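Peer 1: Below you'll find the structure I mean.
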Amino acid sequence: MKLTQAQAEKVEALLREMTLDEKIGQMNLESPSIVGGFDVSFEELIEMVNDGRIPQEEFVKIMSTAKRDFHEDDIRAGRVGAMMGDDPVKANELQKIAVEESRLGIPLMMGFDVIHGFRTVYPIAIAEAGSFEPDLFRRTARMAARESRAHGVNWNFAPMVDVARDARWGRVSEGPGEDPYLASCFARAKIDGLQGDTSSKESYVAACLKHYVAYGACESGRDYNTTTMANSLLYNAYLPPFKAAVEEGAATVMASFNDLNGVPCTLNRFTLREILKECWSFPGFVVSDANAIRECVVHGIAEDEPTAGVMAAQAGMDMDMGTEIYLNNLKQAIEDGRLDVAYLDEAVRRILSVKMWLGLFDNPYVPEEQIATNEVIPQTNLDLALEAGEKSIVLLKNDDNLLPLSKSQKISLVGTLAAKPEEVIGAWAMSWKPSDCVTILDGLKNQGAALEYFPCGGPDAPMNDEEIAAAAAYGDVIVAVVGENVTMTGEASSKADISMPGAQREMLQKLLDTGKPVIALLMNGRPMALEWEAEHLSTLVECWHLGIQMGNAVAKVLFGEAVPQGKLASTFPKMTGQCPIYYNHPNTGRPGSKSKFTSRYLDAGFSELFPFGYGLSYTTFQYDDLAVEDKGDHLAVSVKVTNTGKRSGVETVQLYMQDVVGSIVRPVKELKGFTKVSLEAGASAQVSFTLNKSDMGFYNNDGKYLLEDGTFRIYVGGNSRDCLMQELRLVF
Ligand code: BGC
């Protein structure tokens, strides 16, 4: 995010002209408020939907007739710097007021949650990360950027790059999984995708990195919960994706809800000012999460709302999302001498710089002709959503080689999840249309499958014995779609039990009892505890929530027209009680093993069900001849990978290292590189990696990066567990 000299000067000139009120206005983010017409307050209405007092459909009906206040008068008066919304016509109307009717004509940022696509919804992040393909991450983000901009959204509240190691947390679905290296690659590619194409005025948006920071480490996976960690862990695991994205030029950052070591991230001077703004020289602006400044009072860190506002502004929080605490209190605080105006100048300079870089001063509107064509999804977008879907599917088990299916087989498709358009979408997608969604039922039909559909049961639907009997009578094979409803993941959707919900396990048992072969397709937004399923079913496919092309992607993989190539971006536990579980945990003095006095559970042992990086193909790969050479400033690592099966396939070759002895305990393995190879049956390839020695260090508890001489292990394999290994001593 770089400004030309002329742009930077324009920012300064504006700043000089602004009144205190206008400055504070720029620091205020509003969303349309719902007004009037209800017997209860809007907040109460939301509660009523959430606790089931009124059904969702009723709520939608009420909302469609509700009046909204778009804060036109506030915008006119220069009291709003940014708005939320996804309606291009409304965006133009509001932008016109800001540009033509406010005193200084400063355009609005228009923000919206475009986490995994706008109208073209592609796979949820945890799924897409498993493609291990940065170029794909970049291309899907670019598609989302263009679509957003065409809808008046010039600021995407994405990417979410929270490293998350506890699958109980509902928001694992929104991010790239448990590993800092993969998450950093994801973060960089997403920033490039969202912001990098400046070839036209409408092709890019400002990204908003979130949630800064360590939100994914909320205690026991319970959303909004406290976070406590050593600085070394913060620097080594949770900060890297943010740092990578800032280096890539991320324009904005959203602070997280959680407190970190006792200080809410909304007003955390250490993370916002010292690390982000000073150490990393982040030039953009920071926005709070929704309502978060007010919540600092509830946290018990600020006496009252005015104090929370002052503390946040001083800590480096540039924009207030949704509380109007800045709007209503900062002027008084400055007049009373509780806040220095320099904090406001800094914040406003950052906000105006982002607006300037976005080109909003010259190009604030969505062109009319684009609004007119918004309704049709271009084929190129559909193709990309399909490609992303196919590449995100992870084959977990295929013991009896039931897959791929042949089109002559009669399929009994089972499970309510298989036929509901809203279930392919995943958490945090809001601008999709049901008519765009291809369910698994639709996808199989599109492929010309010989098929009958029997709902039989689902996460919240009771089991139906008659339908199970009918499914058994019809098909040569049963394809059972099981897992979680979309609403079971995402924000405020933490779970204390992540095993198969409802009566689905029983349903699977009954299907198995029929004696027909059963293939289980999983639709879910988090790693689930699937010990029972892995023990009883020969065939398991992780299909996640893949977006609007889900059904087509799944059908192509089932029929072998696309070969499964996804890998897990998160470890799958056997049982919920193993959470948090992740491959790159610190070494213990008693590493888990079969013997009793080691780091293990009596009832779950010491290992995961499926490790990070795991995923099968319709063929098999063999790894040989690992060679590691010390080349001075880097290691040259190579390995021979052979396709030992009968079909072509794609393998993600993964490079890990272990720093065996360190001045603080180091992880048992750390991902340091990956590359995808496509191999015909019987073919081999020599795969090479360059591992820079400068990347082999770690941060200590003072946030200092250290490279320590000693023994290192280099691992290469097709997942984080099954690797070849070579040990060497290094001097830096
Ligand atoms: C979420 C953010 C989101 C924001 C605005 C919050 O509740 O935590 O991820 O960007 O709402 O919609």
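Peer 1: What is the percent carbon and sulfur in the accessible area of the chain, measuring with a 1.4 Å probe over the protein chains and ignoring ligands?
Peer 2: That share works out to 49 percent.
Peer 1: Still on this structure, I have one more. Which stretch or stretches of segment 51-84 have amide N atoms under 17 Å from the point lying 7 Å from V40's Cα along the Cα→Cβ direction?
Peer 2: Answer for this model: 51-64, 66.
Peer 1: Which entries of K10/K96; K567/K672; K397/K672; K96/K277; K210/K397 show an alpha-carbon separation above 23 angstrom in the structure shown?
Peer 2: K397/K672; K96/K277; K210/K397
Peer 1: So, for segment 40-180, what is the accessible surface per residue at a probe of 1.4 Å, expressed in square angstrom?
Peer 2: With the other protein chains kept in place, segment 40-180 gives 33 Å² per residue.
Peer 1: Can you give the Rg to Rh ratio of segment 259-344, both from alpha-carbon atoms, with Rh computed by the Kirkwood formula?
Peer 2: Looking at segment 259-344, the ratio lands at 0.94.
Peer 1: Once Lys and Arg get +1 and Asp and Glu get -1 on their Cβ, which of G649, M575, V639 lies farthest toward the positive end of the dipole of segment 566-682?
Peer 2: Result: M575.
Peer 1: Starting from the Cα of K631, step 7 Å toward the Cβ, then list every residue of segment 676-717 with an amide N under 16 Å from that point.
Peer 2: So the set is 686-696.
Peer 1: Where a ≥ b ≥ c are the square roots of the eigenvalues of the C-alpha gyration tensor, would you call segment 110-176 rounded, which needs a/c under 1.5, or, failing that, prolate if a/b is larger than b/c, or oblate?
Peer 2: Cα axes put segment 110-176 in the oblate bin.
Peer 1: While we're here: Lys and Arg at +1, Asp and Glu at -1: add these up for the other residues within a Cβ distance under 13 Å of G560 and post the number.
Peer 2: +2
Peer 1: Rank by packing, highest mean first: peptides 199-207, 9-17, with packing defined as the count of other Cβ atoms within 10 Å averaged across residues.
Peer 2: 199-207, 9-17
Peer 1: Also: Would you mind estimating how fast segment 15-167 diffuses translationally, via Stokes-Einstein at 10 °C and 1.306 mPa s with the Kirkwood radius over Cα pairs, in µm²/s?
Peer 2: For these conditions, the coefficient is 88 µm²/s.
Peer 1: About the Cα centre, and with charges only on the beta carbon of Lys, Arg (+1) and Asp, Glu (-1), how big is the dipole of the chain? Nearest 20 debye, please.
Peer 2: Dipole magnitude for the chain comes out near 1880 debye.
Peer 1: While we're here: Looking at the P(r) of segment 523-607, how many percent of alpha-carbon pairs lie beyond 15 Å?
Peer 2: 68 percent
Peer 1: Which of the peptides 439-445, 155-161 is most tightly packed, and how do the rest follow, going by the mean number of other Cβ atoms within 10 Å of each residue?
Peer 2: The most tightly packed comes first, giving 155-161, 439-445.
Peer 1: Mind checking the log10 I(q)/I(0) for segment 379-577 at q = 0.10, 0.15 Å⁻¹? Debye, one equal scatterer per Cα, no solvent, two decimals.
Peer 2: -0.36, -0.86
Peer 1: Continuing with the same structure: Where the convex hull is taken over the Cα atoms of segment 199-330, what is its projected area averaged over directions, in nm²?
Peer 2: 8.7 nm²
Peer 1: Angle check, please: helix 134-150 long axis (alpha carbons) against the longest principal axis of the chain (alpha carbons), in degrees 0 to 90, nearest 10.
Peer 2: Once rounded, one gets 40 degrees.
Peer 1: I would also like to ask the following. Within segment 410-524, what percent of beta bridges assigned by DSSP are antiparallel, to the nearest 5?
Peer 2: Among the beta bridges of segment 410-524, antiparallel pairing accounts for roughly 5 percent.
Peer 1: Does anyone have the angle between helix 180-195 and the longest principal axis of the chain? Alpha-carbon axes, 0 to 90°, nearest 10?
Peer 2: Between the helix axis and the principal axis of the chain, the angle is about 50 degrees.
Peer 1: How many percent of the alpha carbon pairs in segment 621-730 exceed a separation of 19 Å?
Peer 2: For segment 621-730, the share of Cα pairs beyond 19 Å comes to 46 percent.
Peer 1: Taking 0.36 nm per residue of sequence separation and subtracting the Cα-Cα distance, how much length would be gained by fully extending the chain between R53 and V731, in nm to one decimal?
Peer 2: 237.5 nm is the gain from fully extending R53 to V731.
Peer 1: Which order, highest average first, do 391-404, 121-134, 103-116, 336-349 follow once you tally other Cβ atoms within 10 Å for each residue and take the mean per peptide?
Peer 2: 121-134, 103-116, 391-404, 336-349
Peer 1: How far, in degrees from 0 to 90, does helix 325-335 lean away from the longest principal axis of the Cα atoms of the chain, to the nearest 10?
Peer 2: Around 40 degrees separate the two axes.
Peer 1: I would also like to ask the following. Looking at segment 379-577, send over the antiparallel percent of its DSSP beta bridges, to the nearest 5.
Peer 2: Of those bridges, close to 20 percent are antiparallel.
Peer 1: Run through all the Cα pairs of the chain and give the fraction in each 20 Å bin from 0, expressed as whole percent.
Peer 2: 17, 50, 30, 4
Peer 1: Leaving out ligands and nucleic acids, note down the accessible area per residue over segment 621-730 with a 1.4 angstrom probe, in whole Å².
Peer 2: 45 Å²
The values are calculated or read from the model by the stated rules, or taken from the named source; none is laboratory data. All values reported here derive from a predicted model rather than from experimental measurement. All Cβ positions, glycine included, derive from the backbone under ideal geometry; neighbour counts span all protein chains shown. All accessible areas refer to the heavy atoms of the entire protein, side chains included, with ligands and DNA or RNA removed. Shrake-Rupley method; radii C 1.70, N 1.55, O 1.52, S 1.80 Å.
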